[in-house]
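Here is the structure we will look at.
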Amino acid sequence: MIERGHRVQILTAPSARILLEAPRFGVPASTAAIGRKGWRGLLAARNWILAEHRRLAIDVINTHSSTDSWLVALASLSLPAAPVQVRTRHISAPVPNNLSTRWLYGHASRLVVTTGEALREQLIRDNHLAPERIVSIPTGIDVQRFRPPNSSERGSARARLEVNDAVFVVGIVATLRSWKGHRYLLEALHTLVALDGAAQILVVIVGDGPQRQTLEGQVAKARLDRHVLFAGNQDDVLPWLHAIDAFVLPSYANEGIPQALLQAMACRIAVVTTHAGAIGEIAKADETALVVPVRDAEALAVALARLRADAGLRARLGEGARRLVCAAHTEAGMLEAMEDVFRRAQAMSQAAGRPPHSRRPV
């Protein structure tokens, strides 16, 4: 958004990881005690809005979680000229269907953005929200950066892993949370290794999180140490994607359209995943991905065995995946759609009697 000429300011709790990441991308960030709902968080949000609204003439505040959405919405009630609020919802976890939540989504937030059509339909169906107030904007990525590797890039990436072309490398990039389904990937790996004790297969797990110790214990118990690499968090996942033959995301809940999945697809990597959340909008069975039922390690093992044995299938799925991403999930398309949402939210606010402050949303 900054590159497109907008002014941007991030507000975050002091402990949030985005505070550490923002400087790498040249994005201004400030902190306030908004990590929890309560009077302290409410006052912190109100004070920040007052100060920054005077300094920047904020047009739009785009909130991304339950906590910041509630704090901003309630703080705005006591302000004579609060910025417009837009709520972005990234996951498919159910939203409480009660009066207070309907107020937050239907009135306090001028518009609600979901990262997949399935999430939009869920809010309309289960929470009875007005369809015209909810917009689905497909997750977008930089398809110029996330692209298939050339032979030199792939060779370097594989050399870092110390594997030759005979090794089938499976990758997953995700925070180590239970619903991402890492345990089912490891169970599937155990099945494949049990069928072929000399299997040349390596699973690379990129990311960290609360399930790390549990997953390491699972690997040790199944004696899969030589078949699994825990790579931890990485500033740049692209070299890791360039090294793998197949990408797996066996999520069973809480998904929108995951960026990591799109990044792998843009790199023309064959994908195995589920239809959790809105993943089905990009994972077209046997066209752009192999799709397996959630929590089904046996089906996952079968899918991986198919990919391992069939380079032609991997190539066909990879081609279909990149074609889809380039057509419908570019970063430019996502940003244009978000700009339109911000303008619409401002127009709705003006129609309700609030004066505009500038032409460029913050």
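Read-outs: derived from the displayed coordinates by stated rules, not from any lab. Given the structure is predicted, the values throughout are model-derived calculations rather than measurements. In this analysis, Cβ positions are derived from the backbone assuming ideal geometry, glycine residues included, and neighbour counts consider all displayed protein chains.
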Could you calculate the FRET efficiency of ARG306 with HIS107 from 1/(1 + (r/R0)^6), where r is the beta carbon distance between them and R0 is 51 Å, rounded to 0.05? 0.55
In whole angstrom, note down how far apart the Cα centers of the stretch 5-61 and the stretch 189-232 are. 39
Starting from the Cα of LYS37, step 7 Å toward the Cβ, then list every residue of the stretch 121-140 with an amide N under 16 Å from that point. none
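If you keep only loop residues by DSSP, which trypsin sites (Lys or Arg not before Pro) in the stretch 18-61 have at most 12 other Cβ atoms within 10 Å of their Cβ?
ARG36
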Using a Förster radius of 45 Å, what is the FRET efficiency between CYS326 and GLU298 based on their Cβ-Cβ separation? Nearest 0.05, please. 0.85
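Report the FRET efficiency, 1/(1 + (r/R0)^6), for ASN98 and ASN254, where r is their Cβ-Cβ distance and R0 is 30 Å, rounded to 0.05.
Values: r = 20 Å, r/R0 = 0.68.
Efficiency for this residue pair is about 0.90.
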Identify which of ASP208, ASP236, ASP225 has the largest mean-square fluctuation in a Gaussian network model of the chain, with springs joining Cα atoms closer than 10 Å. ASP236
Can you list residues from other chains, or at least 5 along the same chain, whose modelled amide H is less than 5 Å from the amide H of THR330? ILE141
Beyond 26 Å, what share of the Cα-Cα pairs of the chain remains, rounded to the nearest whole percent? 55
When the chain is treated as a GNM, springs tying every alpha-carbon pair under 10 Å, which of PRO28, PRO250, PRO148 comes out with the largest mean-square fluctuation? PRO28
Amide H contacts under 5 Å for GLY181, restricted to residues at least 5 apart in sequence or on another chain and with H modeled in the peptide plane, are TYR252
Quick check: pseudo-label points 7 Å beyond the Cα along Cα→Cβ at GLU162 and LEU335, how many nm apart are they? 4.1
Spin-label zone in the stretch 254-284 - amide nitrogen under 11 Å from a point set 7 Å from the Cα of GLU121 along the C-beta vector: 278, 280-281
Name the long-range amide H neighbours of ALA270: under 5 Å, sequence gap of 5 or more, or other chain; modelled H, no Pro or chain starts. PHE247, GLY318
Length released on extending from LEU238 to ARG55, taking residue separation times 0.36 nm less the Cα-Cα span: 62.0 nm
Using label points projected 7 Å from each Cα along Cα→Cβ, tell me how many nm separate ARG24 and ALA315, to one decimal. 3.5
For the chain, what does -39500 (n - 2.57) per DSSP helix run (n ≥ 4), summed and divided by total residues, give at 222 nm, in deg cm²/dmol to the nearest 500? -13000 deg cm²/dmol
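Given +1 on the Cβ of Lys and Arg, -1 on the Cβ of Asp and Glu, and no further charges, what dipole in debye does the stretch 151-328 carry about its Cα centre, rounded to the nearest 20? All intermediate terms of the calculation are to be shown ahead of the outcome.
Numbers: 19 positive and 19 negative charges, 9 e Å.
Roughly 40 debye for the stretch 151-328.
For the chain, what is the charge dipole size about the Cα centre, in debye to the nearest 20, if Lys and Arg each add +1 at the Cβ and Asp and Glu each add -1 at the Cβ? The partial results should precede the final answer.
Values: 43 positive and 33 negative charges, 232 e Å.
Its charge dipole is roughly 1120 debye.
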Gain upon complete extension [LEU195, LEU77; 0.36 nm per residue less C-alpha separation]: 36.2 nm
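Note the full-extension length gain between SER65 and ARG177 as 0.36 nm times their separation in residues minus their Cα-Cα distance, in nm to one decimal. Walk me through the numbers on the way to the answer.
Working: separation 112, 0.36 × 112 = 40.32 nm, distance 1.75 nm.
Working it through step by step, the gained length comes to 38.6 nm.
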For a quick size check, give me the Cα extents of the stretch 151-328 along its three principal axes, largest first, whole Å. 43, 37, 33
